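The values are calculated or read from the model by the stated rules, or taken from the named source; none is laboratory data. All figures in this text were calculated on a predicted structure; none of them were measured in a lab. Note that we place each Cβ from the backbone using ideal geometry, even for glycine, and neighbour counts take in every protein chain shown.
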Amino acid sequence: MSRFPFLRAFALLSALFCLGLALAGAVTAQAQERRAYPSQPVKLVVPFAPGGSTDIVARLLADAIREPLGQPVVVENKAGAAGLIGAEAVARAQPDGYTLGVGTISTLAVNTVMLKSVRRDPLQELAPVMALAQIPSVFSTHPSLGVHDLQGLVATLRAKPDHYTIGSAGVGSIGHLIAEAMNEALGVRLRHIPYKGQGPVINSALAGETQVLSDQYPSSSSLVQSGRLVPFAVAAPQRLPALPGVPTLAEAGYPALNRLAITWFGLVAPAGTPPAVIDTLNRAAQEAMRQPAVQARLAQLGVVPMGGSPQAFALLISDTRAQIQQLVQQRKLVLD
């Protein structure tokens with residue numbers, strides 16, 4: 001009888017020891033899993049065709065992030081439906097950190113307000129990783145208008161409401177929203193002319209068929225520098241070194257219009273991606289974007305690097321969507 005308490009105590013201790021080993025093994029396995037990420041190449045989905053500014057920056061990041069991440073990043077272009085195809089491919093991917101995407105002001109903000117098929121909060125389907133870069137815009141006129149500054153433009157437009165025109169890449173595009181925002185902020189009535197793509201918009205401005213143009217600075221820089229278009233404002237964090245005499249819209253007293261007209265894009269992952277993986281990706285992207293070669297190439301392209309935390313990128317997305325929703329209400333825009 002005296003041996004029973006000893007045996008019971010021995011059995012209890014053995015069970016506790018086995019449980020401890022199991023828990024330790026589970027913790028070790030989890031730690032190894034965390035340390036193991038990434039253990040294979042990562043796919044980066046670009047929701048537009050090769051060759052555009054978003055694609056160029058994505059490929060620059062993919063090359064630069066290889067060393068800090070410890071794995072190659074392979075770019076895959078999934079163009080179509082104004083970026084919807086690529087965005088949905090990322091949202092539906094496994095949230096394991098091996099499929100990422102480039103989200104833009106169009107796919108994360110404009111489309112989610114303007115298009116019925118995706119009129120929902122993107123933060124429910126995508127996890128922000130980091131804001132990568134922003135592209136300034138330049139606002140210009142055809143030389144025949146005889147305008148050289150914002151004040152002159154406003155006076156000219158107010159003198160003939162609904163007479164002068166501005167083009168965009170289509171109804172519901174960011175260019176359309178900028179045109180509406182200009183009318184709202186400046187108190188003018190520019191007529192909006194939708195085209196099929198930004199290329200025809202630029203051509204119409206060069207021909208004088210439309211009198212006002214808003215465009216990303218990299219694609220309009222040579223036209224402005226050559227005098228074929230006359231710049232009157234830029235949308236940028238500060239004045240552009242190549243156009244030191246042209247004020248930003250924020251300087252001119254229109255900070256909301258300035259914010260809306262800056263194209264931004266960043267790195268996103270499927271919703272549900274583990275926070276530890278998001279943090280790993282954020283640190284690697286921060287390091288990649290700080291590389292001198294990357295900084296020099298971005299400056300050459302006229303692109304301004306951003307960076308910051310996942311939370312800061314989420315706030316940028318939410319704030320931009322709120323601004324667009326307010327503009328839609330103010331202008332009583334008819335959505336699809």
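Observations on the structure shown:
- Some residue of region 295-308 being buried (at least 20 other Cβ atoms within 10 Å of the Cβ), of a type outside the set (Ser, Thr, Tyr), within 18 Å of Ser140 (Cα to Cα) and at pLDDT 95 or above: no
- Any hit, region 35-48, residues being modelled with pLDDT under 95, surrounded by fewer than 21 Cβ atoms within 10 Å (Cβ to Cβ) and in contact with a helix residue (DSSP H, G or I) (Cβ under 8 Å, 6 or more places away or on another chain): no
- Residues of region 49-61 that turn out to be within 16 Å of the chain's Cα centre (by Cα) and free of Cβ contacts under 8 Å to residues at least 40 places away in the same chain, as a count: 4
So that you can scan it fast, the table gives a plain yes or no per residue for (1) closer than 25 Å to Phe48 by Cα; (2) among the aliphatic types (A, V, I, L, M):
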{"residue": "Gly170", "(1), (2)": "yes, no"}
{"residue": "Thr210", "(1), (2)": "no, no"}
{"residue": "Ser226", "(1), (2)": "no, no"}
{"residue": "Ala235", "(1), (2)": "yes, yes"}
{"residue": "Thr263", "(1), (2)": "yes, no"}
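- Within region 196-210, being outside any loop (DSSP other than H, G, I, E, B) and surrounded by fewer than 19 Cβ atoms within 10 Å (Cβ to Cβ) holds for Gly199, Pro200, Asn203, Leu206, Ala207.
- Residues of region 252-294 that turn out to be surrounded by fewer than 16 Cβ atoms within 10 Å (Cβ to Cβ), within 23 Å of Arg321 (Cβ to Cβ) and in contact (Cβ under 8 Å) with a residue 12 or more places away in the chain, as a count: 3
- The lone criterion from (1) crowded, with 21+ Cβ neighbours inside 10 Å; (2) touching an Asp or Glu at 6+ places or on another chain (Cβ under 8 Å); (3) free of Cβ contacts under 8 Å to residues at least 40 places away in the same chain; (4) not hydroxyl-bearing (Ser, Thr, Tyr) left unmet by Ala179 is number (2).
- Annotation note: Cβ proximity below 8 Å between a residue of region 192-205 that is in contact (Cβ under 8 Å) with a residue 60 or more places away in the chain and a residue that is part of a loop (DSSP other than H, G, I, E, B) and buried (at least 16 other Cβ atoms within 10 Å of the Cβ) (sequence gap 6+ or interchain) occurs for Ala205/His142; Ala205/Gln211; Ala205/Leu229.
- Candidates Val90, Val113: the one that is over 30 Å from Gly245 (Cβ atoms), crowded, with 24+ Cβ neighbours inside 10 Å and either out of contact with any Lys or Arg (no Cβ under 6 Å at 6 or more places or on another chain) or not assigned by TED's automatic domain parsing to the domain that holds Ile202 (or both) is Val90.
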